[in-house]
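The values are calculated or read from the model by the stated rules, or taken from the named source; none is laboratory data. The model shown is predicted, which means the values in this text are computed figures rather than measured ones. Because the Cβ atoms are built from the backbone with ideal geometry, glycine has one as well, and the counts that use them run over all protein chains shown.
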Amino acid sequence: MSGPTYTSADALAKAEAAWTVALRLQQFVFANISFEVSTTIPHAMHIVKGWEAEGKVRRISPPKGRRASKLNFEVIPEGEIRIAPVVGDAYEQMWTIMRKSRGFSPPDLLSMCSVPLTLEEAGSYCRLLLTADYLRVVQKAIPPTKPAIYRLINATGIKAPRGRRLQCIVDPNLGTATPLAEVGQ
């Protein structure tokens, strides 16, 4: 059984009020949030962990004289540079961008990925997915100034489709392709 879901109007209002409290306090523990907005400790934990995942707060060591057994948090200042966590490789990131965009080009993918990627790799991945009927061309390219604009038409899930090179034996007599077993099996 999973934990409670906090999607009611009251729970969402308490989450908004909790952020106001966090901004006022700047440093806090779960109990501070729970007390200030009159909610349970588990709900306060859910709210704060959500902020932590979004990069709004971070864990800190407790101030002198306070118990070290409690998790202490502080609000990350607005102007502070935050490094977004890298999630997935280039293919996973491009696929996520494609799924969330109504139209994109290889330079768009290149600019939005947080891992090293070349324009050639982004273009190659778009061409691969276009060939496999995952993408449709929305606007044709005008070389060399304007790249093609694509739209995802076959979003099969959250994992990125990938091209693979398969070593096999092709027998034109039988019209078959038999994959080679890996060496050492």
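For this structure, a couple of remarks:
- Total residues in segment 140-161, condition charged (D, E, K, R), modelled with pLDDT under 90 and over 20 Å from ALA90 (Cα atoms): 0
- Members of segment 125-178 that are part of a helix (DSSP H, G or I) and surrounded by 13 or more Cβ atoms within 10 Å (Cβ to Cβ): TYR125, CYS126, ARG127, LEU128, LEU129, LEU130
- Where SER61 falls short, out of the listed (1) modelled with pLDDT under 80; (2) surrounded by 16 or more Cβ atoms within 10 Å (Cβ to Cβ): (2)
- Residues of segment 90-118 satisfying the condition of being β-branched (Val, Ile, Thr), farther than 25 Å from PRO143 by Cα and either out of contact with any Gly (no Cβ under 9 Å at 6 or more places or on another chain) or not in a helix (DSSP H, G or I) (or both): VAL115
- Selection status of ILE41, within 28 Å of LEU12 (Cβ to Cβ), at pLDDT below 90 and touching a Gly at 6+ places or on another chain (Cβ under 8 Å): no
- Of all residues making up segment 86-145, the number that are in contact (Cβ under 8 Å) with a residue 40 or more places away in the chain and among the basic types (Lys, Arg): 2
- Taking the criterion of being in a helix (DSSP H, G or I), loosely packed, with under 14 Cβ neighbours inside 10 Å and either on the phi > 0 side of the Ramachandran plot or not hydroxyl-bearing (Ser, Thr, Tyr) (or both), the residues of segment 4-34 that qualify are ALA9, ASP10, LEU12, ALA13, GLU16, LEU23, ARG24, ALA31.
- Every listed requirement among (1) under 30 Å from GLY55 (Cα atoms); (2) out of contact with any Lys or Arg (no Cβ under 8 Å at 6 or more places or on another chain) is met by ALA155 save one, (2).
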